[in-house]
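What follows is a set of notes on a single structure, which appears directly below.
The values are calculated or read from the model by the stated rules, or taken from the named source; none is laboratory data. Computed from a predicted model, the values in this text were never measured in an experiment. For neighbour counting, all protein chains shown are included, and Cβ atoms are generated from backbone atoms with ideal geometry for every residue, glycine included. Just so you know, the surface numbers come from the protein's heavy atoms only, side chains and all, with ligands and any DNA or RNA stripped out. Shrake-Rupley method; radii C 1.70, N 1.55, O 1.52, S 1.80 Å.
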Amino acid sequence: GGRPAPAQRRYVSRAVEAEIERVSRKIADPKLRAMFVGCYPNTLDTTVFMDTVDGRADAFVITGDIPCLWLRDSSAQVLPYVHLAARDPALVALFRGLIARQARSILIDPYANAFMRDPSAKSGLSWARTDQTEMKPGVAERKWEIDSLCYPMRLGYRYWRETQDKAPFDGTWAEASRTCLRTLREQQRKQSRGPYSFRRTSDRPTETLQLGGWGAPSRSVGLIHSGFRPSDDACTYPFLIPSNLFAVATLREMATVAEAARGDTALAEDARALASEVEAALRKWGTMSLPDGRRVWAYEVDGFGNAMFMDDANVPSLLGLAYLQCVAADDPLWRATADACWSEANPYFFRGSRLEGIGGPHVGLGKIWPMSLIVRASSSRDPQVVRTMLRMLRDSDGGTGFIHESADSDNPSIFTRPWFAWANGLFGELLVKLADNRADLLAGPL
């Protein structure tokens with residue numbers, strides 16, 4: 001466990017070092033404290049590759065043990081530091097550099113989920129090289145996921161809200177934002193099914209899209225069609241509800257930035273119009289009844305009346321809707337949904353002898369994703385729940401001091417992805433939040 005030696009750290013922020021000191025003093029449990037010290041700076045320590053492009057900062061942020069940039073992961077990896085950005089030039093450079101890198105990446109291909117450091121390189125991912133889809137240079141993987149475009153909008157908005165720094169919101173950013181809008185509209189599939197299809201030869205059906213690579217049929221009802229989930233697994237029904245809800249929230253955030261940082265009212269109005277249309281469709285098509293009659297948000301629907309209830313740990317998830325500020329934490333529909341997610345009503349909820357939580361089809365049954373514990377603790381008002389989640393997070397590391405993609409619910413020393421910066425960052429973010437708002441929960445034994 002612990003951090004790389006100072007000389008081996010990829011990027012250093014004085015504000016983050018001070019935050020580690022400040023927060024770790026409030027954590028009584030020695031193991032939890034040690035994990036915070038290692039996990040919170042993990043993105044800076046191990047995943048940030050700084051450069052310049054046209055004389056301006058460029059930040060390529062890899063996901064960990066896969067040396068590519070995911071639009072979703074990279075955004076979520078740096079957001080735990082955004083509250084410190086205004087007081088640290090190193091963080092300003094990081095955020096400016098990542099916002100710029102993401103905008104250029106979206107302009108390469110708005111349907112791609114992951115990118116190469118060298119924008120002229122072929123995919124470095126062995127499993128993606130023979131995919132039957134239009135692979136452009138610079139693209140590592142081309143799985144269309146709505147949230148891949150939502151996270152950069154969220155990143156830009158949170159950075160703007162903290163700093164009022166107009167520098168990243170240049171013409172390239174605006175062009176990328178318009179490209180996001182165009183792509184989301186294409187995937188409402190009103191006139192046609194759009195330009196995107198994807199097939200991969202694999203023995204895992206979640207790795208490819210059915211029906212010639214276009215995915216399951218959907219009826220055009222105003223929702224946005226997604227090929228894949230935030231887990232990079234194929235959707236069963238193409239209207240992925242958590243991601244559509246995230247799109248509503250982040251389109252409005254992007255509109256705020258377009259207006260405030262650029263005076264671009266046309267872009268802002270366009271984004272708000274799409275958000276309102278998707279929101280109306282969600283109210284009509286996004287919910288379902290469980291067998292016991294409870295009304296909940298569905299995980300996926302198709303617009304024909306088919307809906308499925310489950311949750312996958314990757315955020316945006318149903319459980320993560322309050323954490324993402326897509327719904328209010330006391331919203332009754334969401335509360336009912338979250339309770340059902342954390343129960344046998346969800347086929348991917350597992351309760352073992354050591355851990356309980358939500359997993360997903362990506363790594364198989366009985367494997368819980370610590371990310372689901374983090375998200376549950378982040379949006380729970382119940383001190384007992386938060387303590388239980390912290391205890392299980394502490395005990396999920398398999399002796400490594402880090403948060404993994406998944407851990408076996410009976411034996412946490414069986415885990416996937418030893419170096420997974422997104423989960424480490426979310427864990428650090430949770431402890432910072434608790435130190436500021438619920439310090440009593442960290443002050444005693446777990």
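Just to be sure I understand: with springs between alpha-carbon atoms less than 10 Å apart, which residue in PRO347, PRO195, PRO370 has the highest mean-square fluctuation in the Gaussian network model of the chain? Of PRO347, PRO195, PRO370, the Gaussian network model singles out PRO195 as fluctuating most. If you sort THR208, THR179 by accessible surface, 1.4 Å probe, largest first, the order is THR208, THR179.
Could you order TYR237, TYR159 by accessible surface area, starting with the largest, using a probe radius of 1.4 Å?
TYR237, TYR159
Report, to one decimal in Å, the Kirkwood hydrodynamic radius for the range 182-268 based on all distinct Cα pairs.
14.4 Å
Pick from SER220, SER378, SER353: which is most flexible by mean-square fluctuation in a GNM of the chain where alpha carbon atoms under 10 Å apart are linked? Maximum among the listed residues: SER353. Rg ratio for the range 332-377: its Cα radius of gyration over 2.2 N^0.38 Å, N being its residue count, equals 1.11. MET371 sits with roughly 0 Å² accessible to a 1.4 Å probe, with DNA, RNA and ligands left out of the calculation. From Cα pairs below 8 angstrom and at least 6 apart in sequence, can you work out the relative contact order of the chain, rounded to a whole percent? It comes to 16 percent, rounded to a whole number. Averaged over its residues, the chain has an accessible area of 37 Å² per residue, based on protein heavy atoms and a 1.4 Å probe. Extension gain for the segment ASP51 to PHE304, taken as residue separation times 0.36 nm less the Cα-Cα distance, is 86.2 nm to one decimal. Of the solvent-accessible surface of the chain, computed with a 1.4 Å probe and all protein chains present, 51% belongs to carbon and sulfur.
Report note on the peptides 168-177, 140-149: ranked by the mean count of other C-beta atoms within 10 Å, highest first, their order is 140-149, 168-177.
Computing Rg and the Kirkwood Rh from the Cα coordinates of the range 260-415 gives a ratio, Rg/Rh, of 1.04.
A Förster distance of 30 Å, applied to the separation of the beta-carbon atoms of ALA280 and THR179, puts the FRET efficiency at 0.80.
Helical runs (DSSP H, four residues minimum) scored at -39500 (n - 2.57) apiece and divided by the length of the chain put the mean residue ellipticity at 222 nm at -13000 deg cm²/dmol. Taken over the Cα atoms of the range 79-207, the convex hull encloses 125 Å³ per residue.
Excluding same-chain neighbours fewer than eight residues apart, the lysines reachable from LYS284 by a Cα-Cα span under 26 Å are LYS190.
Could you state, as a whole-number percent, how many of the C-alpha pairs of the range 1-135 are farther apart than 24 Å? Result for the distance tail: 35 percent. About its Cα centre, the dipole of the chain is roughly 220 debye, where the only charges are +1 on Lys and Arg Cβ and -1 on Asp and Glu Cβ. Each label was represented as a point 7 Å from its Cα along the Cα-to-Cβ direction; for GLU21 and ALA7 these points are 2.4 nm apart. Put simply, the convex hull of the Cα atoms in the range 143-211 casts, on average, a shadow of 6.5 nm². With viscosity set to 0.890 mPa s at 25 °C, what whole-number translational diffusion coefficient in µm²/s follows for the range 352-446 from Stokes-Einstein and a Kirkwood radius over Cα pairs? Once the numbers are plugged in, D ends up at 185 µm²/s.
FRET efficiency for the ASP331 to ARG219 pair, using the beta carbon distance and R₀ = 22 Å, is estimated at 0.25. Selection among TYR151, VAL53, THR416 by position relative to the dipole of the chain gives VAL53 as farthest towards the positive end (Cβ unit charges, Cα centre). Extension gain, GLN132 to ASP339, is 70.6 nm, computed as 0.36 nm per intervening residue step minus the present C-alpha separation. Ranked by the mean number of other Cβ atoms within 10 Å of their residues, highest first, the peptides 15-26, 293-304 come out as 293-304, 15-26. Distance between the modelled labels on SER202 and LEU290, one decimal in nanometres: 2.9 nm (7 Å Cα→Cβ projection).
With N as its number of residues, the chain has a Cα radius of gyration that, divided by 2.2 N^0.38 Å, comes to 0.92. Peptides 114-126, 399-411, 221-233 ranked from most to least packed, by the mean per-residue count of other Cβ atoms within 10 Å: 221-233, 399-411, 114-126.
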